[in-house]
Every structure is written in C-alpha cells, then in structure tokens.
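Below is one structure, written out as structure tokens, with a few remarks after it.
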Amino acid sequence: MRHFDSLENCDPSHRHANLFSRLPDMLRHAMAAPAYAERLKGINPSTVVNTAALARLPVLRKSDLPGLQKARPPFGGLVISPPGSFGRLFTSPGPIFEPESKHLDPWHGARALFAAGFRAGDVVLNTFSYHMTPGGFIFDGAARALGCAVIPAGPGNTEQQLELIEAYRPVAYSGTPDFLKILLDAGRTGKRDVSSIKRALVSGAAFPKSLQDDIKARGIDAYQAFATADLGFIAYESAARDGLIVNEDLILEIVRPGTGDPVPEGDVGEMVVTSLDPHHPWIRLALGDLTAALPGHSTCGRTNMRIKGWMGRADQATKVKGMFVRPEQIAEIGRLHPELGRLRLVVTRDGEIDAMTLQAETGNVAAKDLQEAVATTLRAVSKLGGTVALVAPGSLPNDGKVIADERGA
C-alpha cells in the first residue's frame, strides 16, 4: 500500500469540494463559541464555500492567543466544550493552553508517519517531550493510531535511552534531528548497538543537508514534518523528497504577512490554517511562519498542495526610534497605494540615528509624485519619517520579508 488512504491521491477537485462542503457546518459550530461569534459577526456560514470566500474572513493571530486566553480562560472563548470534556490539557510557551481531544489520532499525524515508512507493528522511540507541552503526545498518538508500539522516552537521559534501544530494538525514531545525532554519536562512542533504527520522522528543529547526509550515512531514512502545538501535523515529507505535503485534514492558505490576503502561487507568505476538527476548530489561524507553495503534485502520487517547508518567521515587528513598526502597517500602505507591488521596509542606521527606507515595486520608478505620496503615507501610517525608493517589478527578494532590520549587519 503506497498511501495511507484514498484521500491522498484523489482528484484535487474532489478534495476541495469535500473540505468546503464541510466548512459551513464547521463555521456554525465555531460561532457557538463567544469569541468566534464576535469575530465572525455578520458572516453567513452557508456562503463560505470556496477559497475566495474564506479569504474574506478575519485572521486569528497565534500571537494574540495568550491575551485572548488570559481574558477568557482557559481557551480564549474559542472553544465551546469545558476543559473536563477533553482527554489531556497542555500548555506551551506564551503561555498558550491547548486541549487534546479524546478521539483516535487527535493531532492527525498517522498519515505523516506512514509517509515516512512507519508501519503497524513497528516499535517507535519517541523523544519529544511529554512534560506539560503536547509534543510527545502528538507523535505518540499518531504512532499508536498507526498500530505502532511507542517507547515514551522524551528528550535527554542518553545512557538510559541507549539501554532502551538495545532492549526493545526500535525500528523507528521520532524527535528532533539534533537529538537523533546525539543518540547515534553516543552509541558509537560507547560501542552500543543502535543499528535497529532504520527510519525517522523529525521535527522541531532545522534539518540542514549536512545533518541529513550524516544521518543517511548511518543507514537511517529520515523524513521531516511541520507540526504545531495548536494544530498538530500541518505538512509532511514523502519518499519523493519534493517538498512537504499539506495534511488532508486542513485548509492551508499562504498570505501576505500582516494581512489575510493570499499571495500569488510561488510567493513566500505567512501560513494561515483552517481546521475541520469539531472538538476544537481553528478558523484562519495565522501561525507567524513563512512558506511558499510549490507548483504541481508530488511524484509520490499524493495530489494535495505542497509547500517548501518552514522559511522563517512572519512576525517582523521592530522598533525604530523607540516606536514599533509592524507588517500590518506596511500592508496598509499597500492598500492605500494599489498601484504598488511588493513592499519592503529596510531599517538601517544613519550615523547614530535609526533610518528607514520603504522599497516599493512599481512599473513607473521615475514617478516623483508617487514617491512623494507614498512617503507621506509612510509617515501618516507609521508616525515616523522615512525615504521611499521606487524599484522595478520583481526586483525585491521573494522571501516573505516586509520589514528587514539591517542595523546589526
């Protein structure tokens, strides 16, 4: 069996129709919670049946969750069910409080492990933390839903983990790539037998090519996944090694940082996710993480949207002359001047004074009146003075940055 289920290689139009036929009921369910009722006031759920209609709904920023949850503990008024109706209750830095549903594979990770070669009957060494945060349980639940036996090792305690590996002979590893290297290095130094581990699903840290090559040279086939404590598995790698495939249970949009506006395909932008989990729906949750969509479908046969993976943070707010400048303000300048393309605010030092230059793509770089008008808007929106440089279309980097702080360069 090449795929976890038939959803993975179905016609994309079938997947789109399935997700958006379920979305109106999910919106009605979400709007029964007070915070969503306020945020989505005036929205008719029955009209939200395609990507364009979804893009008109307001985004919910992950960075706002700590404040919302403090005002309406514990879940910010975004969840109908009381804490006692869930299976486990977690916290992650922020703090952000996350509930785990009682149903099988609540974080929707079994298909990601399957794509990495995990199979029923495998023994999995899971080294994500089980303490307070959901990381360990996200991967644990996915492996057990797939029919694997899980060693709930958590991170650290290297010597004891080597004993577990020799005793249980796990064929698979889940955890950060860094800790996998630590275990392998410790096994080599201590002449311990860790050769049972043949495959791995790693997340939570960078996995550069040098480390990928090192792990592969030791006979381990390692794959990457992108997951968060709020949503669980968002995207995962397959044997094709051609980007990360978006989880079938989610609707993922890529938007201009500071806005809810989708970017053209291929442009770097912020990930915004809508989940269809009735126990804890998320409606346009902006994660603050950057990525870009890849064209076409994976050569492994999975037909869902592919992304390049994690490409940095969209939360680019920075202080200039003691005042914060935010991506939302740069987006507002773009809305007020629709004749402009990409915008990028570059913050530097002029002697001992902060300076900023707004680079703006336009087909008319010689338009002095436009340059002056944009400079006036920049001051009005940011309450700070700065220069404007009009540049040719396509000349700014496609990296998702709308604010580049170069004062430390």
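The values are calculated or read from the model by the stated rules, or taken from the named source; none is laboratory data. Everything quoted here is computed from the prediction, not taken from an experiment. All Cβ positions, glycine included, derive from the backbone under ideal geometry; neighbour counts span all protein chains shown.
Return yes or no: is V171 more than 25 Å from R111 (Cα to Cα), of a type outside the set (F, W, Y) and at pLDDT 95 or above?
So V171 fails the test.
Count, please, the residues in segment 232-280 that happen to be in contact with a Pro (Cβ under 7 Å, 6 or more places away or on another chain), assigned to a strand (DSSP E or B) and more than 30 Å from I80 (Cβ to Cβ).
So the answer is 1.
From the list R22, R56, pick out the single residue that is modelled with pLDDT of 95 or more and assigned to a helix (DSSP H, G or I). Step through it out loud before you land on a result.
Values: R56 fails: assigned to a helix (DSSP H, G or I).
On inspection, the qualifying residue turns out to be R22.
Any idea which residue in segment 154-187 is farthest from Q224 (Cα to Cα), counting only those that are outside any helix (DSSP H, G or I) and without any contact (Cβ under 8 Å) to a residue 24 or more places away in the chain?
Filtering first and then ranking leaves N157.
A quick yes/no check of all residues on (1) farther than 30 Å from Q224 by Cβ; (2) surrounded by fewer than 19 Cβ atoms within 10 Å (Cβ to Cβ):
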position: T274; (1), (2): no, no
position: H279; (1), (2): no, yes
position: C300; (1), (2): no, yes
position: I307; (1), (2): no, no
position: A314; (1), (2): no, no
position: E332; (1), (2): yes, yes
position: G351; (1), (2): yes, yes
position: A355; (1), (2): yes, yes
position: A367; (1), (2): yes, yes
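Tally time: how many residues in segment 348-382 are among the hydroxyl-bearing types (S, T, Y), under 14 Å from P338 (Cβ atoms) and touching a Gly at 6+ places or on another chain (Cβ under 7 Å)?
Going through segment 348-382 one residue at a time, the tally reaches 1.
Restricting to segment 84-120, count the residues that are assigned to a loop (DSSP other than H, G, I, E, B), farther than 22 Å from P73 by Cβ and of a type in the set (A, V, I, L, M, F, W, C).
Qualifying residue count, segment 84-120: 5.
Just to verify a result, which residue in segment 1-19, among those that are in contact (Cβ under 8 Å) with a residue 60 or more places away in the chain and assigned to a helix (DSSP H, G or I), is farthest from P281 (Cα to Cα)? Steps first, please.
Step one: filter segment 1-19 for residues in contact (Cβ under 8 Å) with a residue 60 or more places away in the chain, giving 2-5, 7-12, 15, 19.
Then keep just the ones that are assigned to a helix (DSSP H, G or I); that gives 12, 15, 19.
Numbers: P12: 23, R15: 19, L19: 13 Å.
Here the residue is P12.
Determine which member of the set A112, A120, A142 is closer than 23 Å to F4 by Cβ and over 19 Å from the mean Cα position of the chain (by Cα). I'd like the intermediate steps shown before the answer.
Details: A112 fails: over 19 Å from the mean Cα position of the chain (by Cα); A142 fails: over 19 Å from the mean Cα position of the chain (by Cα).
Just a single option satisfies the conditions, and that option is A120.
State all residues of segment 328-354 that are outside any strand (DSSP E or B) and among the hydrophobic types (A, V, I, L, M, F, W, C); if no residue qualifies, say none.
I330, A331, I333, L336, L340
Given the criterion crowded, with 17+ Cβ neighbours inside 10 Å, within 17 Å of I330 (Cα to Cα) and among the acidic types (D, E), identify the matching residue among E361, E372.
So the residue among E361, E372 that is crowded, with 17+ Cβ neighbours inside 10 Å, within 17 Å of I330 (Cα to Cα) and among the acidic types (D, E) is E361.
Which pairs have Cβ atoms under 6 Å, sit 6 or more apart or on different chains, and link a residue in segment 239-259 that is farther than 18 Å from N9 by Cβ to one that is of a type in the set (D, E)?
Close Cβ pairs satisfying both conditions: V255/D261; V255/E270; P257/E270; G258/E328.
Residue-wise test of (1) closer than 22 Å to P264 by Cα; (2) in the same structural domain as G341 (by TED's automatic domain parsing); (3) not in a loop (DSSP other than H, G, I, E, B).
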{"position": "M356", "(1), (2), (3)": "no, yes, yes"}
{"position": "G363", "(1), (2), (3)": "yes, yes, no"}
{"position": "A366", "(1), (2), (3)": "no, yes, no"}
{"position": "D369", "(1), (2), (3)": "no, yes, yes"}
{"position": "E372", "(1), (2), (3)": "no, yes, yes"}
{"position": "V381", "(1), (2), (3)": "no, yes, yes"}
{"position": "L390", "(1), (2), (3)": "yes, yes, yes"}
{"position": "G394", "(1), (2), (3)": "yes, yes, no"}
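Can R39 be described as surrounded by fewer than 16 Cβ atoms within 10 Å (Cβ to Cβ), assigned by TED's automatic domain parsing to the domain that holds G109 and farther than 15 Å from H280 by Cα?
no
For the structure I just gave you, tell me whether I151 is assigned to a loop (DSSP other than H, G, I, E, B), over 25 Å from the mean Cα position of the chain (by Cα) and not acidic (D, E).
Details: assigned to a loop (DSSP other than H, G, I, E, B): no; over 25 Å from the mean Cα position of the chain (by Cα): yes; not acidic (D, E): yes.
No.
Check segment 388-396 and report whether any residue there is touching a residue at least 60 places away in the same chain (Cβ under 8 Å) and within 20 Å of Q316 (Cα to Cα).
no
Do we have any residue at all in segment 284-296 that's among the acidic types (D, E), farther than 15 Å from T228 by Cα and at pLDDT below 95?
no
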